Amino acid sequence: MALTIAGTGFSTCTSKKLRVLLIPFFATSHIEPFTDLAIRLAAAAAVEATVAVTPANVSIVRSVLERHYGKHHTAPVKITTYPFPAVDGLPGGVENLGKAAPADSWRIDATAVSDALMRPAQEALVREQSPDALVTDLHFVWNVRVAEELGVPCVRFSVIGAFSSLAMRHLELLAPDVAGGDPDPDVVAVVPRFPGPPVRMPRAELPEFLRRKAEVDAPRLREARLLPRACLAAAIAGCIDWLDSKPDRSVVYVCFGSLAPVSDAQLRELALGLEASGRPFLWVVRAEEWAPPEGREERVRDRGLMVTTWAPQTAILGHQAVGAFVTHCGWNSVLETVAAGVPVLTWPLVFEQFITERLVTEVLGIGERLWPHGAGVRSTSSAEHELVPAEAVARVVMAFMPPGGPGDAARGRVRDLAAKAHAAMVEGGSSHRDLRRLVDDLVEARSAAGGIKSVLAPIGSPFHG
């Protein structure tokens with residue numbers, strides 16, 4: 001008989017729960033969206049969602065569940081584990097991109113796509129769990145074949161936005177002269193077959209797999225530390241209490257995500273620039289060994305708050321005191337700032353973030369490049385970065401923040417997008433309907449005798465925004 005789930009609008013043709021197993025890549029920026037998707041799926045009483053991670057990544061899943069459901073509530077999302085393989089050059093327990101030493105981060109990526117190293121453990125897990133449907137990260141291509149062998153549908157879920165994903169795909173397939181072409185970093189590639197104004201990308205701002213350098217310089221990665229669960233509430237309260245003391249739309253929020261390839265010299269220039277701007281700022285710094293410029297505390301006093309551990313980004317962006325977000329253009333951060341209606345100043349660092357910057361600044365118009373004339377060399381390779389001077393940081397922040405400035409126009413546009421995003425996620429909205437259709441498709445595939453369906457999840461849809 002048909003089952004209607006109260007408050008969700010999800011319906012199925014059976015009372016048996018749909019057991020969905022989700023397997024994310026070994027990075028916090030992947031594990032958190034996968035966990036958020038599991039939460040959305042579990043909101044339908046007809047779905048039993050389980051997130052599969054290696055042992056060292058369990059705390060990330062638990063942290064997301066705790067923030068959503070509360071510390072003393074039992075989360076309906078389950079966690080299961082499978083072993084991370086022994087990898088030459090990686091110490092035991094290093095199973096996350098943010099935990100790897102700078103010179104070893106490539107080993108995490110290489111392990112993730114290795115059929116020999118990774119497939120056996122994941123395949124054994126999937127066969128043991130015997131789920132009704134599988135949600136896999138794009139890295140784990142073999143999971144599609146495993147799902148086909150088991151006769152269950154497989155969803156490939158991308159945590160990168162559709163705009164950047166399509167741009168990279170078009171450049172790879174339709175502009176072969178870009179890949180392995182002129183090594184001059186100033187050569188500009190135009191993304192083919194994109195509607196609207198041309199999207200122009202200097203070669204230095206393309207992901208390394210498109211540039212195909214003989215040697216790829218590993219970015220300098222900062223370790224994203226996880227707080228003990230007892231400290232999460234204190235971290236949230238500290239940031240929110242500080243923001244409560246500031247006027248509306250006065251604070252510049254600065255965060256470069258869970259992986260931050262920023263040099264100590266650049267951190268110093270950024271610190272001096274924020275100080276010189278005269279604006280209140282809340283800055284999440286991923287640098288355990290870096291020390292702020294001498295005398296900063298006396299000069300800045302209560303105008304600046306530096307957070308060196310986990311920070312409640314969605315709560316910060318949702319606070320009325322925040323007037324702009326200096327962001328690396330990671331897709332999670334873009335979704336969160338759009339949902340909060342906060343304009344951005346862009347500072348991309350690696351991979352597809354420079355392409356996402358074009359979407360934010362040139363297509364959507366919800367922000368500006370932090371250095372509009374290209375001060376310093378912009379590159380996806382940290383070895384090619386030049387310093388953005390403090391004067392450039394201060395100048396752009398001072399121009400963007402005041403009422404009547406460019407920030408106001410961007411704020412109006414991002415608030416319009418925020419309204420559309422929230423409308424999409426409520427019951428009956430487009431994202432809610434898409435998720436409902438996905439569940440219905442998976443249930444139908446399970447019900448069909450031998451029904452096998454490989455589904456590409458709507459990349460970039462605000463499941464967790």
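The values are calculated or read from the model by the stated rules, or taken from the named source; none is laboratory data. Every value quoted in this text rests on a predicted model; they were computed, and no experiment measured them. Backbone-built Cβ (ideal geometry, glycine too); neighbour counts: all protein chains shown.
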Determine whether A52 is crowded, with 24+ Cβ neighbours inside 10 Å, touching a strand residue (DSSP E or B) at 6+ places or on another chain (Cβ under 8 Å) and farther than 21 Å from P261 by Cβ.
yes
Mind telling me which of the residues A311, A340, A321, A315 ends up being at pLDDT 95 or above and within 20 Å of the chain's Cα centre (by Cα)?
A340
Mind counting the residues in region 245-271 that are at pLDDT 95 or above and in a helix (DSSP H, G or I)?
0
Got a sec? Which of V388, V396 is of a type outside the set (F, W, Y) and assigned to a loop (DSSP other than H, G, I, E, B)?
V388
Would you confirm, using the coordinates I've provided, whether L90 is within 28 Å of A110 (Cα to Cα) and surrounded by 16 or more Cβ atoms within 10 Å (Cβ to Cβ)?
yes
Take E391 and tell me if it is in the same structural domain as E269 (by TED's automatic domain parsing) and free of Cβ contacts under 8 Å to residues at least 40 places away in the same chain.
no
So, K78, is that one more than 21 Å from F209 (Cβ to Cβ), over 21 Å from the mean Cα position of the chain (by Cα) and at pLDDT 90 or above or not?
yes
Wholly within region 297-379, strands (runs of 3 or more DSSP E) carrying at least 1 residues that are assigned by TED's automatic domain parsing to the domain that holds F256 and more than 21 Å from R411 (Cα to Cα):
304-307
Among the numbered criteria (1) of a type in the set (G, A, S); (2) in contact with an Asp or Glu (Cβ under 7 Å, 6 or more places away or on another chain); (3) outside any helix (DSSP H, G or I); (4) modelled with pLDDT of 90 or more, which one does A56 miss?
(3)
Subset of region 144-170 that is surrounded by 22 or more Cβ atoms within 10 Å (Cβ to Cβ) and assigned to a helix (DSSP H, G or I) - its residue that is farthest from the chain's Cα centre (by Cα)
A147
Members of region 8-43 that are modelled with pLDDT under 90, touching a helix residue (DSSP H, G or I) at 6+ places or on another chain (Cβ under 6 Å) and hydrophobic (A, V, I, L, M, F, W, C):
F10
